[in-house]
1. Ranked by accessible surface with a 1.4 Å probe, highest first, in what order do Val115, Val12 come?
2. What is the helix-to-structure angle for 115-124, meaning the angle in degrees between its Cα long axis and the longest Cα principal axis of the chain, kept from 0 to 90 and rounded to the nearest 10?
3. Take the Cα gyration tensor of region 1-107, multiply each eigenvalue by 5, square-root it, and list the three semi-axes largest first, rounded to whole angstrom.
4. Using Cα pairs closer than 8 Å and at least 6 residues apart in sequence, work out the relative contact order for the chain, in percent.
5. At 0.36 nm per residue, and after removing the present C-alpha to C-alpha distance, how many nm does the segment from Phe5 to Asn119 gain when stretched out fully?
6. Between exposed trypsin sites (Lys or Arg not before Pro) in the chain, where DSSP calls loop and at most 16 other Cβ atoms lie within 10 Å, what's the longest gap?
7. Go through Glu53, Glu68 and list them by solvent-accessible area, largest first, probe radius 1.4 Å.
8. Round to the nearest 10 and give me the degree value, 0 to 90, for the angle of helix 71-80's Cα axis relative to the longest principal axis of the chain.
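The values are calculated or read from the model by the stated rules, or taken from the named source; none is laboratory data. Computed from a predicted structure; not experimentally measured. Ideal geometry is used to build each Cβ from the backbone, glycine not excepted, and the neighbour counts take in all protein chains shown. Each accessible area value is taken on the protein alone, full model and side chains, heavy atoms only, with ligands, DNA and RNA left out. Shrake-Rupley method; radii C 1.70, N 1.55, O 1.52, S 1.80 Å.
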Amino acid sequence: FPTDFVITADTVVVFEKEILLKPSTDEEARKTLKKLSGKSHLVVSGVSVRQGEKVYSAADTTLVTFNELSDQQIETYIKGAHGQDKAGSYGIQERGSLLVKRIEGCFYNVVGLPVNTLNALLKQVGIDLWDAISS
């Protein structure tokens, strides 16, 4: 499908030069959330748009600072959320909003798809998301 567009994206969490991927177990998620409690970390998402042999890529970085979290709060989050399918063991939306004290940068990057970065890449291949939503 040489004329079709393929969009890919993935996100990692970086804390003190360590890449925190998706946890395999609740215990791994628990350890990660304790590590992030009261501290700041980076969320980095890479995005690519490909058409045939042409590839356009970019990355977006957001600084996230967590609230101080008690063991009970971490347990409550793990039991009620789906942190095992998220880099860094959390999602910022829904219940995860209680974990986060502040962010500096793109919220949608932390969710997993930096929409403005994607739009900038799509513009390079002649697509503007504003045109898609205006029809």
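1. Reading off the accessible areas and sorting them downward yields Val115, Val12.
2. On a 0 to 90 degree scale, this one is about 20.
3. 30, 15, 12
4. It rounds to 28 percent for the chain.
5. Computed gain between Phe5 and Asn119 is 39.7 nm.
6. Between exposed loop sites, the widest span is 40-135.
7. Per-residue accessible area, sorted high to low, gives Glu53, Glu68.
8. Roughly 50 degrees between the two axes.
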